[in-house]
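Working notes for the structure below.
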Amino acid sequence: MTRRSHALFRRSGRLVAALALGGSLLAAAVPAAQAAAEPGEPNDVAVKLPTASYSRMLVDQARGRVYVTTGSGVNAATAELLVYDFDGNLLKTVNIGSSMFVASAMMLSADGSILYLTAASDVLIFNADTLALTGNGWVRHDFFQGECPGDIGTAGGKLWFTRMTSQAYPKDCTTEPQALNSGRFDGGGGFVRGVFTYVDAKFATSPGIPDRLVETFASNGTPKLYVGLYDATTTGPQQLALRSYTAATDPSALPRDVAISPDGAVTAVAAGTAGTKVLSTTDLSDASPGYGPLPAGTSSTAVAFSPDGSLVARGGAVDGAAADLLVQSADPAQGDTPRQYAFTDGADGGDRIADRGLAFSADGSRLFAMTTDAAGDAFWLHVITNPDARWHSAFDGPLTVQPDHPYAGGSVRIAGKLRLNGPAPSDPVRVTAVRHDADGDHTVPSVTVGADGTFTVADTPSTTGTAVYTVSFAGDAAHDPAPDATVSVDVAKAPTQLALDPPGTVTADGVDLHGTLSSSGATLPAGTVVNVQRLTSKGAIDLPDTAVAADGSFTVHDVPPAAAGNVLYTVVYAGDALHEGSADWVTLKITS
């Protein structure tokens, strides 16, 4: 695919239909359509979900699976667990009826044998190998308390999950208060409800801080963002630090996602229009220098760290060709340029990252991204391999030079074609060039690459001899730098043109010959002179050299001998290091 495909991360070919498979064994389905990629390049497989809703995603590295729940909020039409492999094939659909209503957050036990799944009235427990239901934990009679999707995680030796605190049927989950609850992993002994109730609360845990958790939430009324750090070893969560964004200048925001780096050092909060907040888990101060802003107009919807700690992915929702997904080093001190992905097709692949729609494989070699359309009623699972890699670029074919015989001070045009694999960048692509000649290295003005990948670099060499042009593409957020392309150019002396005007009348005072000396290349230097010779039947006489003015004009004054007959005046420019010579002549008839 060339850079000018104008299909920013669209993938052709069929999407895999999700198949609901019965039985306890996992069965392979039709393989997902894949786009060709060169070795080491990123590649995307897009699979459309067989439902119109999405809630959460969980990666099971040991089994090579991705779990997707589809119970998404109030009046969710479906409540299923979809099981995909790492290539985007649907392996199984789990639907056990009303018990899975509003199926949302998931978690694997420490040994990976148990899959916990939160539903409206239960925390369901599945055998992770067979996906057979083995028990219901914390069954409640106040059914409405689970109808807004919550979170689940482990910290402080306990299982933690969020639930609504209101008994009323929820109309808008973004305004419902939630409590952070804890209990035993086997579901016995009930649970302990947290004393804090927050709006649209979301929390995250990390093996790097096993006795802590971070929760983000919004205030009532006009939403303002809060982030809290809590001790998870106590009976109820004990607040250790609180970061509030409540000043008049702080943007209103509802938290959309939260994640903690595997080493526990950094927390990232996807805060909608307020962007991505990157905080130290020590005291919730800003982590410096952070990860940089999302593209203008982007609402931050998702954030995820790779389990090996190397990468962070940030997702957003933005119209047009701006990037919806950024992948970069998880170390906020690195400050590297994010790898950007733009999704633009809302009808066939989604055009934005869904809330809580990012998850990595253990080694970071795959990024699973859930995209949706503007209406939020269709979803696609993208399996992106080599997510932090960039597509390759190269100069196709040799560079060409015009004109065929360049000269010092004249225009030289170096033309070529740049091939960019993958999607077309949203920003203009530019190539740079350097000329190396006897006087050293000279930077040539950069140029924008055309829609078909072609470009023409223009330069004016200032000296003669061999000039070597090196053309470069430094890469961008989506592409690796291209290997440099070079071409050698033999630069000749600039041609000159010497022209004498028709002579005027010869008088007793002599004759004035007017002329001009010009060059289409390098400017003639100050002090340039022309040599003048008079030739008669008596022989040749060298006349004094004549200076050339700044505008190239000159005047030769001579008093030829009387009755000399025909007199030939020859005016010669001998040339210099940058200019070829030139000459002109005129014949006068001298009579007494």
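Identify the single condition in (1) part of a loop (DSSP other than H, G, I, E, B); (2) under 21 Å from the mean Cα position of the chain (by Cα) that Ala347 does not satisfy, given that it satisfies every other one.
Status for Ala347: all satisfied but (2).
Filter the stretch 424-477 down to the residues that are in a strand (DSSP E or B) and in contact with a His (Cβ under 6 Å, 6 or more places away or on another chain), then identify the one that is farthest from Pro295 (Cα to Cα).
Val468
Six or more apart or on different chains, Cβ under 6 Å: which pairs go from a residue in the stretch 536-548 that's touching a residue at least 12 places away in the same chain (Cβ under 8 Å) and assigned by TED's automatic domain parsing to the domain that holds Ser519 to one that's surrounded by 12 or more Cβ atoms within 10 Å (Cβ to Cβ) and not in a strand (DSSP E or B)? Could you list them?
Listed by first residue and then by second, the contacts come to Thr536/Ala564; Val548/Thr528.
Out of Val199, Val214, Val192, report the one residue that is under 22 Å from Pro332 (Cβ atoms), among the aliphatic types (A, V, I, L, M) and surrounded by 15 or more Cβ atoms within 10 Å (Cβ to Cβ).
Val214
Residues checked against (1) modelled with pLDDT of 95 or more; (2) out of contact with any helix residue (DSSP H, G or I) (no Cβ under 8 Å at 6 or more places or on another chain); (3) closer than 14 Å to Ser55 by Cβ; (4) outside the structural domain of Trp160 (by TED's automatic domain parsing):
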| site | (1), (2), (3), (4) |
| --- | --- |
| Asn75 | no, yes, yes, no |
| Ser98 | no, yes, no, no |
| Val102 | no, no, yes, no |
| Ala105 | no, yes, yes, no |
| Ala110 | no, yes, no, no |
| Ser113 | yes, yes, no, no |
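The rows are residues; the columns are (1) assigned by TED's automatic domain parsing to the domain that holds Gly581; (2) modelled with pLDDT of 95 or more; (3) closer than 30 Å to Gly112 by Cβ.
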{"site": "Ala347", "(1), (2), (3)": "no, no, no"}
{"site": "Gly357", "(1), (2), (3)": "no, yes, yes"}
{"site": "Ala362", "(1), (2), (3)": "no, yes, yes"}
{"site": "Thr372", "(1), (2), (3)": "no, yes, yes"}
{"site": "Ile414", "(1), (2), (3)": "no, yes, no"}
{"site": "Arg435", "(1), (2), (3)": "no, yes, no"}
{"site": "His442", "(1), (2), (3)": "no, yes, no"}
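Among the residues of the stretch 498-554 satisfying the criterion of being part of a loop (DSSP other than H, G, I, E, B), under 22 Å from His579 (Cβ atoms) and of a type in the set (D, E, K, R), which is farthest from the chain's Cα centre (by Cα)?
Ranking the qualifying residues of the stretch 498-554, first place goes to Asp501.
Suppose the filter is polar (S, T, N, Q), assigned by TED's automatic domain parsing to the domain that holds Leu58 and under 18 Å from the mean Cα position of the chain (by Cα); does Thr337 pass it?
Criteria met by Thr337.
List pairs: first residue in the stretch 268-287 and in the same structural domain as Val303 (by TED's automatic domain parsing) and of a type in the set (Asp, Glu), second residue in a strand (DSSP E or B) and surrounded by fewer than 21 Cβ atoms within 10 Å (Cβ to Cβ) anywhere in the structure, Cβ distance under 7 angstrom, at least six positions apart or on different chains.
Here the result reads Asp283/Ala241, each pair linking the stretch 268-287 to a residue that is in a strand (DSSP E or B) and surrounded by fewer than 21 Cβ atoms within 10 Å (Cβ to Cβ).
Hey, among Ser261, Ser244, which residue is within 29 Å of Gly292 (Cβ to Cβ), of a type in the set (Ser, Thr, Tyr) and at pLDDT 95 or above?
Exactly one of Ser261, Ser244 is within 29 Å of Gly292 (Cβ to Cβ), of a type in the set (Ser, Thr, Tyr) and at pLDDT 95 or above, namely Ser261.
Would the stretch 29-44 turn up any residue that is buried (at least 23 other Cβ atoms within 10 Å of the Cβ), modelled with pLDDT of 95 or more and under 30 Å from Asn421 (Cβ atoms)?
no
For the stretch 413-446: of the residues being crowded, with 18+ Cβ neighbours inside 10 Å and free of Cβ contacts under 8 Å to residues at least 40 places away in the same chain, which is farthest from Gln340 (Cα to Cα)?
Result: Arg435.
So, in the stretch 547-570, how many residues would count as being among the β-branched types (Val, Ile, Thr) and over 14 Å from Gly510 (Cβ atoms)?
2
I'd like the full set of residues that are surrounded by 13 or more Cβ atoms within 10 Å (Cβ to Cβ), part of a strand (DSSP E or B) and not hydroxyl-bearing (Ser, Thr, Tyr), limited to the stretch 252-288.
Scanning the stretch 252-288 gives Asp257, Val258, Ala259, Ile260, Val266, Ala268, Val269, Ala270, Gly272, Lys277, Val278, Leu279.
Any residue at all in the stretch 228-251 that is surrounded by 23 or more Cβ atoms within 10 Å (Cβ to Cβ), not in a strand (DSSP E or B) and not small (Gly, Ala, Ser)?
There is at least one residue in the stretch 228-251 that is surrounded by 23 or more Cβ atoms within 10 Å (Cβ to Cβ), not in a strand (DSSP E or B) and not small (Gly, Ala, Ser).
What is the one condition in (1) surrounded by fewer than 19 Cβ atoms within 10 Å (Cβ to Cβ); (2) farther than 30 Å from Lys277 by Cβ that Gln334 does not satisfy?
Answer for Gln334: the failing condition is (2).
So in the stretch 319-339, with the set limited to residues that are under 19 Å from Ser280 (Cβ atoms) and in a loop (DSSP other than H, G, I, E, B), which one is modelled with the highest pLDDT?
Per the stated criteria, the residue is Ala330.
Residue-by-condition table, conditions (1) closer than 24 Å to Leu367 by Cβ; (2) in contact with a Gly (Cβ under 9 Å, 6 or more places away or on another chain); (3) not hydroxyl-bearing (Ser, Thr, Tyr):
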position	(1), (2), (3)
Ala265	yes, yes, yes
Thr276	yes, yes, no
Ser285	no, no, no
Tyr291	yes, yes, no
Asp336	yes, no, yes
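Which one is nearest to the chain's Cα centre (by Cα) among residues in the stretch 478-489 that are surrounded by 17 or more Cβ atoms within 10 Å (Cβ to Cβ) and assigned to a loop (DSSP other than H, G, I, E, B)?
Ala478
The values are calculated or read from the model by the stated rules, or taken from the named source; none is laboratory data. For clarity, every value in this text was computed on a predicted model and none was experimentally measured. Heads up, the Cβs are rebuilt from the backbone with ideal geometry, glycines too, and the neighbour counts pull from every protein chain shown.
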